[in-house]
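S.K.: Let me give you the structure first, and then I'll get to my questions.
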Amino acid sequence: MTPTRTHTDILNAAGLTATDLAGGDLAVHSPIDGAEIARLRQTPAAQMPDIIARAQSAFKVWRSVPAPRRGELVRLLGEELRAAKDALGAVVTLEAGKITSEGLGEVQEMIDICDFAVGLSRQLYGLTIASERPGHRMMETWHPMGPTAVITAFNFPVAVWSWNTALALVCGNPVIWKPSEKTPLTALASMVAFQRALARFGDDAPEGLVQLVIGGPETGAALVESPAVAVVSATGSTRMGRIVGPKVAQRFGRSILELGGNNAMIVAPSADLDMAVRAIVFSAVGTAGQRCTSLRRLIVHNSIRAELVEKLKTAYATLPVGDPRDAGTLVGPLIDADSLARMLAALEQARAEGGQIYGGERCDAVAGGAYVTPAIADMPGQSAIVKTETFAPILYVMGYDTLEDAIDLQNDVPQGLSSCIFTLNLREAEAFLSAVGSDCGIANVNIGPSGAEIGGAFGGEKETGGGRESGSDAWKAYMRRATNTINYSAQLPLAQGVKFDI
Ligand code: UN1
């Protein structure tokens, strides 16, 4: 049953008022039905220098607030997000088209990273290192880097902001957030939660600690090009990363890039096939194939290829495609009609390259939305289209005979984000995880490539950009390391035995 709450009800429940939603020229559409749900004011390019200057002033204050106290702000943000979980999850569904459970899951990911960052605020450790000189001690100190730009994509419109912001804040950095032009409302709604946290925090948070800018490439360019923006964390296409990366490098800034993925699963003869099928379907069609980590390539042992493809066709035949708000829907809409057109063009190319296509048909689940049945493309090999990331639910299937061939196929694409193997054979699993195995930033055994927890570092190699966000020691990218040598003796011995007597 389609819910009865109007688009406006959903936005209001997340704290967005009529004034927030009108008066500008950026039209925001819901992918559910294509309806225009807001017309937002964009940040004028001329205001960007002031915004960056405000972040610099905020930095001068925030860097001296003790890290555990900075963690308290993030703890409050986590509390506000818990309270707003249903409301914000519904905005994610409305604006990004995710099914209800995934919209809520995304907010849970925000809460999880807040919890992680609160603990981290008391664990920004440096090393103590043995000095070669008597009466000396060496240590490392980690200091805040400075204003951090966070550029996010439509597909995880709020979680990726929170990974970066929760860490940046405890590390002592102010944040300027530029969300995708397709999902600015989730950003506004997240800022409502942040403002509530800020109001409860007290007055040691400087003005301009987290600022939201709404706009297109010009707005992004102002952040990317300004030497005052110490860290640029950008999530999106490889095309975008090719512009951002060199510009930040040119001014010796630091970038954290999380770009395209072309994630594979190897299914070995010993695999638990029923488990593999469930993992394949979730990771290939979940979020309508619009995760960076979505499964795009299935590399299956030739002895079980036909059987597995049959099982998948059976599973795909009953997948409920439709309104993401309806209980039971598993596949919501693509973000827009352009995205659907790109999917259909990719399937056309796959056909031309010898692929046999199942599914991939447009359907009018809700008028005005870009709905499509997920596709399986049984391919004769890893042709050009298979090496290309198409942000849609297309699963390319290829066969293999030896694990070595499978790993070669897995690695022979320009992207290097996520990967996995289904096998019950210990040797195969360990080989896949070893230095001669998967070349990706994420490599899993007996789970799919998507749906990572926040506790691990998230990111990948090659055209994926090399950045790491979220858990483990990803926080180090938001701080600068100082090596300190302290002499507590009354002598001045030189390192390497150098003599320099005056
Ligand atoms: C993304 O698609 O940019 O691992 C992020 C996952 C999610 C995050 C994906 N936790 O699928």
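S.K.: I'd like the Karplus ³J(HN,Hα) series for region 216-222: coefficients 6.51, -1.76, 1.60, θ = phi - 60°, whole numbers in Hz, and an x wherever there's a Gly or Pro.
M.R.: Computed from phi, the couplings for region 216-222 are x, x, 4, 5, x, 4, 4 Hz.
S.K.: Over all alpha-carbon pairs in region 22-94, figure out the percentage whose distance exceeds 16 Å. Don't skip to the answer; put the middle values down first.
M.R.: On the way: 1885 of 2628 pairs.
That fraction is 72 percent.
S.K.: A follow-up question, please. Quick one: net charge of Ser270's neighbours, Cβ under 12 Å, K/R +1, D/E -1?
M.R.: Residues near Ser270 contribute -1 overall.
S.K.: Where a Cα-Cα gap under 17 Å defines reach, which aspartates and glutamates qualify for Lys499, not counting those fewer than 8 residues away within the same chain?
M.R.: Glu132
S.K.: Would you kindly state how much longer the chain becomes between Leu494 and Asp9 on full extension, computed as 0.36 nm times their sequence separation minus their alpha carbon distance, in nm to one decimal? Intermediate values should be presented prior to the final figure.
M.R.: Values: separation 485, 0.36 × 485 = 174.60 nm, distance 7.04 nm.
Extending this stretch completely gives an extra 167.6 nm.
S.K.: Determine, for each peptide in 466-476, 316-326, the mean count of other beta carbons within 10 angstrom over its residues, then list the peptides with the highest first. The partial results should precede the final answer.
M.R.: Working: 466-476: 19.8, 316-326: 17.9.
Ranking the peptides 466-476, 316-326 by packing returns 466-476, 316-326.
S.K.: If you split all Cα-Cα distances of region 264-377 into 5 Å bins from zero, what percentages do you get per bin, shortest first?
M.R.: Result returned by the calculation: 2, 11, 21, 24, 21, 13, 6, 2, 0.
S.K.: On to the next question. What's the angle, to the nearest 10 degrees (0 to 90), between helix 305-317's Cα axis and the longest principal axis of the chain?
M.R.: So the helix axis and the longest Cα principal axis differ by about 90 degrees.
S.K.: Please list the three semi-axes, largest first and in whole Å, of the ellipsoid equivalent to region 399-502, using sqrt of 5 times the eigenvalues of its alpha carbon gyration tensor. It would help to have the intermediate numbers written out before the result.
M.R.: Numbers: eigenvalues 391, 64, 36 Å².
The three semi-axes for region 399-502 are 44, 18, 13 Å.
S.K.: Going toward the positive end of the dipole of region 162-233, with +1 on Lys and Arg Cβ and -1 on Asp and Glu Cβ, which of Ala166, Val210, Ala230 do you reach last?
M.R.: Checked the options; the winner is Ala166.
S.K.: Between Val397 and residues 5 or more places away or on another chain, which pairs have amide H atoms under 5 Å apart, with H built 1.01 Å from N, and which residues are they?
M.R.: Amide H neighbours of Val397, under 5 Å, 5+ apart: Leu298, Ala377, Asp378, Met379.
S.K.: If you take the C-alpha gyration tensor of region 200-309, multiply each eigenvalue by 5 and take the square root, what semi-axes do you get, largest first, in whole Å? Write down the numbers at each step before the final one.
M.R.: Details: eigenvalues 352, 68, 28 Å².
Over the Cα atoms of region 200-309, the semi-axes work out to 42, 18, 12 Å.
S.K.: Length gain on complete extension for the stretch Val61 to Ala384, per 0.36 nm per residue less the alpha carbon to alpha carbon distance? It would help to have the intermediate numbers written out before the result.
M.R.: Values: separation 323, 0.36 × 323 = 116.28 nm, distance 5.16 nm.
Length difference between fully extended and current span is 111.1 nm.
S.K.: Going by amide H atoms built from the backbone, whose H comes under 5 Å of the H on Val175, apart from near neighbours?
M.R.: Amide H neighbours of Val175, under 5 Å, 5+ apart: Thr148, Val210, Gln211.
S.K.: Could you work out how far helix 67-83 tilts from the main Cα principal axis of the chain, as a 0 to 90 degree angle to the nearest 10?
M.R.: 30 degrees
S.K.: Further, regarding this structure: If packing is taken as the average number of other Cβ atoms within 10 Å across a peptide's residues, how do 301-312, 254-265 rank, most packed first?
M.R.: So the order, starting with the most tightly packed, is 254-265, 301-312.
S.K.: Excluding ligands and nucleic acids, what accessible area in Å² is computed for Met240 using a 1.4 Å probe, to the nearest 10?
M.R.: The value for Met240 is about 40 Å².
S.K.: In Å, the Kirkwood hydrodynamic radius of region 128-205 over pairs of distinct alpha carbons? Mind showing how you got there, number by number?
M.R.: Numbers: mean 1/r = 0.0668 Å⁻¹.
One decimal place: 15.0 Å for the Kirkwood radius.
S.K.: Sticking with this structure for a sec: How large is the charge dipole for the chain, taken about the Cα centre, if only the Cβ atoms of Lys, Arg (+1) and Asp, Glu (-1) carry charge, to the nearest 20 debye?
M.R.: Values: 43 positive and 53 negative charges, 317 e Å.
In total the dipole reaches around 1520 debye.
S.K.: Give the peptides 114-123, 57-66 in descending order of average Cβ contacts within 10 Å, highest first.
M.R.: Working: 114-123: 19.6, 57-66: 16.6.
Averaged packing, sorted descending, gives the order 114-123, 57-66.
S.K.: Count the net charge of all other residues whose Cβ sits under 12 Å from the Cβ of Pro68, scoring Lys and Arg as +1 and Asp and Glu as -1.
M.R.: Values: positive: Arg69, Arg70, Arg75, Arg122; negative: Glu72.
Taking every Cβ under 12 Å from that of Pro68, the sum is +3.
S.K.: Moving on. Once the convex hull of the C-alpha atoms of the chain is built, how many Å³ does it hold per residue, rounded to a whole number?
M.R.: Values: hull volume 84.8 nm³, N = 502.
Roughly 169 Å³ of hull volume per residue.
S.K.: A further question on this structure: Which number do you get for Rg(Cα) / (2.2 N^0.38 Å) in region 313-377?
M.R.: Values: Rg = 12.2 Å, N = 65, 2.2 N^0.38 = 10.7 Å.
Relative to the rule-of-thumb radius for its length, region 313-377 sits at 1.14.
S.K.: Going by alpha carbons, how many degrees (0 to 90, nearest 10) lie between the helix axis of 238-250 and the longest principal axis of the chain?
M.R.: Roughly 10 degrees, rounded to the nearest 10.
The values are calculated or read from the model by the stated rules, or taken from the named source; none is laboratory data. Nothing here was measured: the structure is a model prediction, and the numbers come from that model. Glycine also receives a Cβ, built like all others from the backbone with ideal geometry; neighbour counts cover every protein chain displayed. The accessibility values were calculated without ligands, DNA or RNA, using every heavy atom of the protein model including side chains. Shrake-Rupley method; radii C 1.70, N 1.55, O 1.52, S 1.80 Å.
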